[in-house]
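To start, the structure under review is shown below, and the notes come after it.
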Amino acid sequence: MQKMFGGRRAGLVLGAVLALVTVSMTANVVGAASEKTHNHTHSENAKDVYHGYFEDDQIKARPLSDWQGEWQSVYPYLVDGTLEPVWAHKAESGDKSAAEVRDYYEVGYKTDVDGIVIAGDKITFTRQGKSVSGQYVTDGHEILTYKKGNRGVRFIFKKTDGDADAPGFIQFSDHKIAPEKADHYHLYSGNDRAALLEEVTNWPTYYPASLDGKQIVDEMIQH
C-alpha cells in the first residue's frame with residue numbers, strides 16, 4: 001500500500017512539473033508573439049506618422065533641444081549633383097522623371113542659409129560666411145493639412161533677443177510629432193508667423209554637419 005501511495009505521489013509531482021513547464025512554454029510563446037506584435041505595431045505607427053497620418057492626441061510639445069547641434073543645408077549638394085542618385089531612386093516609384101523630381105526639390109531646398117548651430121536657446125544662422133544669432137522660446141505648434149489628405153506639424157519658436165537680422169520666427173517640420181531627437185528637418189523662417197504657415201513649396205532642409213554628401217544620399221534613399 002505504501003508503495004502504491006508513493007508511486008501515486010510521484011506521478012502527481014511529475015504531472016505538476018509537466019503542467020508548469022507547459023504553462024511556462026505557453027507564456028513564453030505568447031509573450032514573444034505579443035512583443036513581436038507590439039514592435040510591428042510601433043513600427044507601423046511610426047511609418048504612418050512619418051507620412052503624415054496621425055491623431056491630434058498623439059502630438060506632444062517639443063523642446064528646442066530636439067534640434068540641438070550643428071546642421072548643414074543640403075541645397076549645395078543638389079547644385080553640385082551629389083543628390084542625383086536620390087532623384088533616380090524617387091523616379092523609380094513615382095510618376096515623375098528624375099529631372100522633374102530634381103526640379104521639385106530645387107524649389108524646395110533652395111536657401112542661402114548654409115549652416116545652422118543650435119545650442120541651448122541660441123540659434124546661429126550662417127549665410128555666405130556671415131552669421132547672425134538669436135535667443136528663441138517655444139511658441140506652440142500648428143497642424144497643416146495638405147492636398148492629398150496627410151498632415152504635418154510645425155513646431156514654432158519665436159525670437160526674444162538677438163541680432164536684428166535673425167528671423168523673428170522659425171518653424172521646424174521633421175516628420176515627428178512628439179519629443180524625439182531630429183535626424184534632419186525642414187525649416188521655415190521669417191518675421192511673419194502666419195505667412196510662414198502658408199509656405200509649402202520652399203522648405204530648406206538640414207542634415208547633421210558631420211555627414212558628407214554620400215551619407216546624406218544614403219539617408220534620403222532609406223526614407
| note | Result for region 147-203: accessible area per residue, probe 1.4 angstrom, in square angstrom, of 48
| For region 108-162 and region 51-90, what is the separation of their C-alpha centers, rounded to whole Å? | 12
| field | Solution diffusion estimate, µm²/s, Stokes-Einstein, region 166-223, Kirkwood Rh from C-alpha pairs, 20 °C, viscosity 1.002 mPa s | value | 166
| said: So with the 1.4 Å probe, I'd like the accessible area per residue for region 47-140, rounded to whole Å². | reply: 55
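The values are calculated or read from the model by the stated rules, or taken from the named source; none is laboratory data. Small disclaimer: the values here were computed from a predicted structure and weren't measured. Calculation scope for accessible area: heavy atoms of the full protein, side chains included, ligands and nucleic acids excluded. Shrake-Rupley method; radii C 1.70, N 1.55, O 1.52, S 1.80 Å.
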